[in-house]
Amino acid sequence: MKSALITGITGQDGSYLAEFLLEKGYRVFGLRRRTSTPNYTNIEHILDRIQIIDGDLSDLSSLIRAVQLANPDEVYNLAAQSYVETSWSQPLLTSEFTAVGTTNMLEAVRLIKPSARFYQASSSEMFGKVVETPQKESTPFYPRSPYGVSKVYAHWMTVNYRESFNMYACSGILFNHESPRRGIEFVTRKVTNAVARIKLGLQTELRMGNLEARRDWGFAGDYVQAMWLMLQQETPDDYVVSTGETHSVRELLEVAFSYVGLDYRDYVVNDERFHRPAEVDLLLGECAKACERLGWERKVGFVQLIQMMVDSDLRLNRTKMNDSIAEGKLELSNPLVAAGWSGNP
Ligand code: NDP
Ligand code: GDP
């Protein structure tokens, strides 16, 4: 039986990857950082089938211990401070976790289990102010945020460990990928959650930043399969993973609001707080290499993805709403709430 160690197992991708590897018969170990209240929402349903190891990317000794305990055949380094916006307010923490944390993880593997195959979660944010479109493996990087800069460092460290120590280390340059498990501050989830809340009468407006930014959005469940495929090849390499389609934030709003019969223009308010100091205007990936060599293909399209997220946020918010009504925290006498309430989760 193969063993895998996943850092960032409590996050969106970590949880989908854990499910995927369990299905393939792997023993799955997950690194989680200690928090006062455990953050297991994404992995609650598989907790009895995985082994959790406490550790932090900024603490090399904890990573060494994690590699010793898991004795992994494959290591997926998904942990990071992953939110671009926060990287401006916490640039040093972002560098420590997202950049140097990767070197810590590479060192732990090199020292304890150098034969383990290593996956680094690189990002299309490395292309930033893009110098060509579509972006592919050979496109030069021009990061536009402390997050993007940190990912470029981590990417080159991964390449360097492959070339210096002959480690099987791959960097997956993944374009944005989303799901019902996406963090609530990312634009897709922020929109789908707001659409659900507006539909249910819990919210009346949605404050947004730049609506013209374009992203290549795919489904996280499809993307974790590409991570695994990269570690099953004869030789390690780096791959772009994307859908090859780009959509604006405005299109995202149109799709999400119209799905529940609303017009986004009636609810969206421009808010300077959500505009960024430096923007990444357009991302569009060319994933020919991954599609041809790995045989990878995305299954979920853009509209289907957004509708899946709206459906999930409707369910989640209805459940919360019913609990609040039962506890007397929300009044059905409020006409907006009454209009949105169906009585069913
Ligand atoms: P999430 O933000 O959902 O998950 C990040 C994970 O990292 C969480 O489990 C978090 O733990 C953990 N973590 C953060 N800091 C530390 C630390 N210091 N030590 C240990 N664990 C830590 O990200 P995603 O799942 O969306 O993304 C996975 C990876 O892929 C990230 O590296 C991200 O930057 C990268 N990526 C993501 C893309 C996307 O579109 N989703 C695109 C390209 C790259 P906790 O739950 O405690 O916060
Ligand atoms: P990113 O590509 O990793 O930065 O993913 P995000 O989902 O955080 O942002 C995608 C794009 O949406 C960026 O160009 C943002 O500027 C744009 N955007 C516009 N309004 C918002 C907003 O209110 N929140 C977020 N997170 N992004 C927004």
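Read-outs throughout are calculated quantities, based only on the coordinates presented, and are distinct from any laboratory measurement. Given the structure is predicted, the values throughout are model-derived calculations rather than measurements. Glycine also receives a Cβ, built like all others from the backbone with ideal geometry; neighbour counts cover every protein chain displayed.
FRET efficiency for His275 and Glu185, Cβ-Cβ distance as r, R0 = 22 Å, nearest 0.05? Numbers along the way, then the final one.
Working: r = 15 Å, r/R0 = 0.67.
The formula returns an efficiency of 0.90 here.
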**Prompt:** Taking Cα atoms, how many degrees apart are the long axis of helix 12-23 and the longest axis of the chain, rounded to 10 and kept between 0 and 90?
**Reply:** 60
**Asked** Roughly how many Å is it from the Cα centre of the range 202-221 to that of the range 234-251, as a whole number?
**Response** 18
**Asked** Can you work out the FRET efficiency for the pair Gln51 and Glu85, with r the C-beta to C-beta distance and R0 = 51 Å, to the nearest 0.05?
**Response** 0.95
**Request:** Run a plain Debye calculation on the range 1-142 (Cα atoms as equal point scatterers, no solvent) and give log10 I(q)/I(0) at q = 0.18, 0.21 Å⁻¹, rounded to two decimals, same order as the q list.
**Result:** -1.05, -1.29
**Request:** Select from Leu305, Leu284, Leu93 the residue whose mean-square fluctuation is largest in a Gaussian network model of the chain (Cα-Cα springs shorter than 10 Å).
**Result:** Leu93
**Asked** Listed here are the pairs Lys129/Lys151; Lys113/Lys151; Lys190/Lys299; which of them are more than 20 Å apart at the Cα?
**Response** Lys113/Lys151; Lys190/Lys299
**Asked** For Arg207, which sequence-distant residues (separation of 5 or more, or a different chain) have an amide H within less than 5 Å of its own amide H, given hydrogens modelled in the peptide plane?
**Response** Val269
**Asked** In degrees from 0 to 90, rounded to the nearest 10, what is the angle of the helix 101-112 Cα long axis to the longest principal axis of the chain?
**Response** 40
**Between the range 269-288 and the range 36-73, the alpha-carbon center distance in angstrom** = 32
**Request:** Could you name the lysines whose alpha carbon sits less than 22 Å from that of Lys329, not counting residues in the same chain fewer than 8 places away?
**Result:** Lys199, Lys320
**C-alpha center-to-center spacing [the range 298-317, the range 127-179] in angstrom** = 28
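Classify the range 123-203 from the C-alpha gyration tensor, please: rounded if a/c falls under 1.5, else prolate or oblate depending on whether a/b exceeds b/c. Walk me through the numbers before you get to the answer.
Working: a/c = 3.26, a/b = 2.28, b/c = 1.43.
Here the range 123-203 falls in the prolate category.
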**Message:** Compute the helix-to-body angle for 302-326: its Cα long axis versus the longest principal axis of the chain, expressed 0 to 90° and rounded to tens.
**Reply:** 60
**Message:** For q values of 0.08, 0.14 Å⁻¹, compute log₁₀ I(q)/I(0) with the Debye formula on a Cα-only model of the chain, without solvent.
**Reply:** -0.40, -1.16
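Can you compute the FRET efficiency between Glu163 and Lys329 using 1/(1 + (r/R0)^6), with r the Cβ-Cβ distance and R0 = 56 Å? Round to the nearest 0.05. Spell out each step's value before the answer.
Numbers: r = 58 Å, r/R0 = 1.03.
Working from the Cβ atoms, E equals 0.45.
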**Request:** Enumerate the aspartates and glutamates that Lys24 could reach by cross-link, defined here as Cα to Cα under 20 Å, with residues fewer than 8 away along the same chain left out.
**Result:** Asp13, Glu44, Asp48, Asp73, Glu74, Asp222, Glu234, Glu297
